[in-house]
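Before any comments, here is the structure.
Any read-out appearing in this document is the output of simple, stated calculations on the displayed coordinates, not a laboratory observation. Everything numeric in this text was worked out from a predicted model, so none of it was measured. Heads up, the Cβs are rebuilt from the backbone with ideal geometry, glycines too, and the neighbour counts pull from every protein chain shown.
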């Protein structure tokens, strides 16, 4: 740079000017936090140091409100849960051993607020960010999934967000060549100004290719490569007024990051080649907090220190100040640690892929992170204090007073339940349910995503889980499902979180896969509200307890707080991503019956109680109150184990879980999956369980699944259920001749009519 | 820059170098061109291998065709497609070499190089002017991924010689810029000369003129096709239907026949 | 019929992947004289009869509210076509 456009606030200058006013509050630091920074440094921070501490100590990066609770995921573990875990929580993403020398890494993250401000770019960069997490572990990304939550379907602003987010997820993911194999779409007024865009990515690698991001080895080079650094995502940093004395420069930096999927696709191939040739010691992706995060985390994870010359950063915008460069969230950038001996190989690979890079500095043994600008030291910190030793809060939490009233407001007997459908009215009720925004076909969304690319997709939406082959020789593969039931969590955060976990577990097992690992994305309101903090604490406790009961570890995830507008928080939304393993994806179980299954027996596994509180039917009638369905994880585990074994042994040809919308939704979806009808009789099972036909169809009792059993397997099937003492009931047969869902004695629903209702809703609203 | 370390297969995922069963077919070398943003090159290589041939990776920066007998330009977003789909890729050294070989007179009796451009590869071939027309955004403006029925209208190309004229197949369609357009004169010429190779059946998914899904050059050796035959080659991982009716879930393999057709044509030639 | 031309460009500080891709390709075809490329959009609004101040005001409003995404783009000019 030829002329200085700002006052350089050096470490020396900071020590000499202790009383300089700094905009710590505008950068989001609390007074006690700013005092801590001064105490750590023994002086006031420089502008650049303030920028680093403020972003790294933000809720988003430091988990300062949540980590006292999150540590349960590391504490509530059994030996069983650790046996396949190769890398646990704390790295960019956890890694699980799936056998045959293969390892899988997966993670789910939120990109909520940016997706409200600029839906297309927010969603696109959300996909980009999670994919970089996977790459940095040394894995090849093989699939993505996106649980999305929007405001009311008919609210005037919802279409803007839906169109942008879906196009953004597709535009970025499709361009990377990653099949999108599942997710969720929910509409609820609580997400009106707080849509939730969560993104999951999964990657695979050989055991020997696992890499951890740390800076070790004195003399190793620290290199920034990929896209150039611009002003993306540093809206907040513009308050670093003390740095700027040129009023003519753009006063407001863009808060919006713009993604370039082509640049990321090249980064994927380029990083894999770096890993394959063992050219790098480690790679760190640049996400939130950009270079601040990458340098402090790499240095903090290594055993030594690091020196960086910030003037070496390749810039898209030459007017950026050092603080802004440190905070920039420009996308598609990575930081590598490379030994001098490998520099030539590194440069060759960069040249092959036409990727720009610059050497910023090197690893040393100072145990300090020092950053210079034009030869002057502007940062001199212990990297651990920036990256890992940020503030921790024991936020007060308390069960809100209104919780009792909410739980006392049961759906059965309420005004909303006054005209409970029966007999032939059930037909209209099922049609209404299957056309409702939350149970209608999500084909309008998923048809905008590529599910074929890579040629390894064995199951995708609308099946219960996405299934992707990992090994083409053996058929070894993984299944993934993401689930949340925020309405249950609103009624009881502890039980609601466990229900989300149970549903994800069940979905994976239903596809025929053995559930092995969890990643979670915890979306909540403001932690400064004790009631919200209580929801959060209860949900985390529920998940941690539940994972221990199910014997699956949490391998990583993300927390998104402050999802609220004014005093109105979103429903607590703990999204659970479950991964399972299939020895041969060719044996995966479809979620519906095909024509050649004509005459197969349909069984309902599990028992039904009248559990309509928080249900989809109650939502249709505008009711949210009472207690969520009872969660019995021992039963879920039993059911999951049976579904996996039955699938492997050929005892079932299709299986579909029973969840939101109850048996009515499960049967409808199983019929619509391949357009093959069924004749169902619910009299006996309703009598066994002591509920009416309506509750049989619409109750959301847990630990249930609908399966189709070949005639020749019925004896073995029943023997297994009996041996395991698991309730089962034969409720009908697959009927390929009659294209209808026929519930005997109650109603018959033509599948063409059902499909029109099911598939018309999103098209009608969004075109 | 010639770089022999560029590989199409993903060693992390699969070994694509298996020995093919029929050694005559296996001797047929089919080049698969990769640009930095190409996405379906592994799928195209897998399709060639499953059909019995030998896939050969061709890197866009090179200009050596490595003695391949045919070339597939697979789908993806070759250069991010920020200017026009395929526009920048068409200028790559490898495409110059492909274009030359595809247009060669074949003085020694050898026929011109068979080339198949799929999706973005089709767009690259139109930008290279090997094929007429162009692609614009779908009439519904969205990316669309679905199983698509096609009629094979011309069997006078090496890629479709194994089909019956008018036969229907089902392969996945996935694109945002898939609407085929050409001026009236060109369309009339294509129709009159029987150069519409594939036409959408059961509804036009994107507003393409005359329902055109794929066309050939005048000599028939160069074919462009918008949908993806390489995604319908393996039971369990393809579409859930075929031209001849329903199949088990995801077990449609109609696309494989396009690659088989080529290999058999080349072996019997 | 007269047309009003509305030009929309990505904000200067926003990453423009399109322009970046084109800038990289130009030297490949032997054009070396340009330091950068940015790609924007041009809209043509056709007017029946004379273009009035009211038309221009409406075109400006269309530019702000519909044709551009104010989060990442600027309307850089609104003008009447010469022909």
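Per the Debye calculation on the protein assembly as shown with a single equal scatterer at every Cα and no solvent contribution, log₁₀ I(q)/I(0) for q = 0.08 Å⁻¹ amounts to -0.87. Among the residues of A:454-467, the average count of other protein chain beta-carbon atoms within 10 Å of the residue beta-carbon is 4. Restricting the calculation to Cα atoms, region A:358-487 shows an Rg/Rh of 1.22 when the hydrodynamic-style radius is the Kirkwood one.
Considering every alpha-carbon pair of chain B, the percent of pairs per 5 Å bin, from zero through the bin containing the longest distance, is 1, 6, 14, 19, 21, 19, 12, 6, 2, 0. Gain on full extension, evaluated as 0.36 nm per residue between residue A:718 and residue A:634 minus their Cα-Cα distance, stands at 28.3 nm.
Taking 22 Å as R0, compute the FRET efficiency from the Cβ-Cβ separation of residue A:648 and residue A:206 and round it to 0.05. That pair, residue A:648 with residue A:206, gives E of 0.30. Taken over region A:80-238, the percentage of Cα pairs per 5 Å bin, counting from 0 up to the bin with the maximum distance, is 2, 9, 15, 17, 16, 15, 12, 8, 4, 2, 0, 0. Quick check: from the Cα gyration tensor, does region A:377-452 come out rounded (a/c under 1.5), prolate or oblate? Since a/c reaches 1.5 but b/c is at least a/b, the shape of region A:377-452 is classed as oblate.
Springs between Cα atoms under 10 Å define the GNM used for chain B, and in it the highest mean-square fluctuation of B:218, B:44, B:248 occurs at B:248. The Cα atoms of region A:448-500 give a gyration tensor whose axes a ≥ b ≥ c have a/c of 1.5 or more with a/b greater than b/c, which makes the shape prolate.
The C-alpha atoms of chain A define a longest principal axis, and helix A:662-674 lies at about 90 degrees to it. Note on residue C:56 and residue A:218: the model spin-label points, each 7 Å out from Cα along the C-beta direction, lie 7.1 nm apart.
The mean count of C-beta atoms from other chains within 10 Å of the C-beta of residues in A:257-265, rounded to a whole number, is 6.
Each peptide in A:694-703, A:221-230, A:326-335 gets a packing score, the mean of other Cβ atoms within 10 Å over its residues, and the list from highest to lowest is A:326-335, A:694-703, A:221-230.
Partner shielding of C:66-76 amounts to 2, given as the average count of beta-carbon atoms from other chains within 10 Å of each residue beta-carbon. Taking other C-beta atoms within 10 Å as the exposure proxy, B:264, A:163 rank A:163, B:264 from fewest upward. Using every Cα-Cα pair within region A:281-362, state what percent have a distance larger than 20 Å. So the pairs more than 20 Å apart make up 33 percent of the total in region A:281-362. Comparing region A:537-646 with the 2.2 N^0.38 Å rule of thumb, its C-alpha radius of gyration ratio is 1.40 (two decimals). Helix A:261-276 axis versus longest C-alpha principal axis of chain A: approximately 80°, rounded to the nearest ten.
Per residue, the Cα convex hull of region A:476-534 amounts to 80 Å³. The simple spin-label model puts a point 7 Å past each Cα toward its Cβ; for residue B:139 and residue C:79 those points are separated by 3.6 nm. On C-alpha positions alone, give me the angle between the axis of helix A:343-352 and the longest principal axis of chain A, in degrees, nearest 10. Helix A:343-352 sits at roughly 60 degrees to that axis. Using the Cβ-Cβ distance between residue B:164 and residue A:39 with R0 set to 60 Å, the FRET efficiency works out to roughly 0.15. Spin-label model, residue B:186 to residue A:358: label points 7 Å out along the Cα-to-beta-carbon direction sit 4.4 nm apart. Multiplying the residue separation of residue A:725 and residue A:392 by 0.36 nm and removing their Cα-Cα distance gives an extension gain of 115.2 nm.
For region C:3-80, the gyration tensor built on C-alpha atoms gives a prolate shape. Its axis ratio a/c (a ≥ b ≥ c) is at least 1.5, and a/b is the larger of a/b and b/c. Counting other Cβ atoms within 10 Å as a rough exposure proxy, the listed residues A:603, A:53 run A:603, A:53 from fewest neighbours to most. Put the Cα centre of region A:648-715 next to the Cα centre of region A:181-201 and the gap is 28 Å.
Pairs of Cα atoms nearer than 8 Å and 6+ residues apart set the relative contact order; for region B:23-268 it is 19 percent. Percent of C-alpha pairs per 5 Å bin in region A:589-767, short distances first: 1, 8, 17, 20, 21, 16, 10, 4, 2, 0, 0. Using the Cβ-Cβ distance between residue A:737 and residue A:409 with R0 set to 35 Å, the FRET efficiency works out to roughly 0.15.
Multiplying the residue separation of residue A:341 and residue A:278 by 0.36 nm and removing their Cα-Cα distance gives an extension gain of 21.5 nm. Placing a label point 7 Å from the Cα of residue C:37 along the Cα-to-Cβ direction, the residues of region B:48-91 with a backbone N closer than 13 Å are B:79-91. Highest mean packing comes first when the peptides A:437-448, A:548-559, A:365-376 are listed by Cβ atoms within 10 Å, giving A:548-559, A:437-448, A:365-376. Each of A:67, A:107 was scored by other Cβ atoms within 10 Å of its Cβ. Arranged with the fewest first, they read A:67, A:107. With helices as the sole contributors, the protein assembly as shown gives -9000 deg cm²/dmol at 222 nm; each DSSP H run of n ≥ 4 counts as -39500 (n - 2.57), and the sum is divided by every residue.
For chain A, relative contact order (Cα pairs under 8 Å, six or more residues apart, normalised by length) works out to 15 percent.
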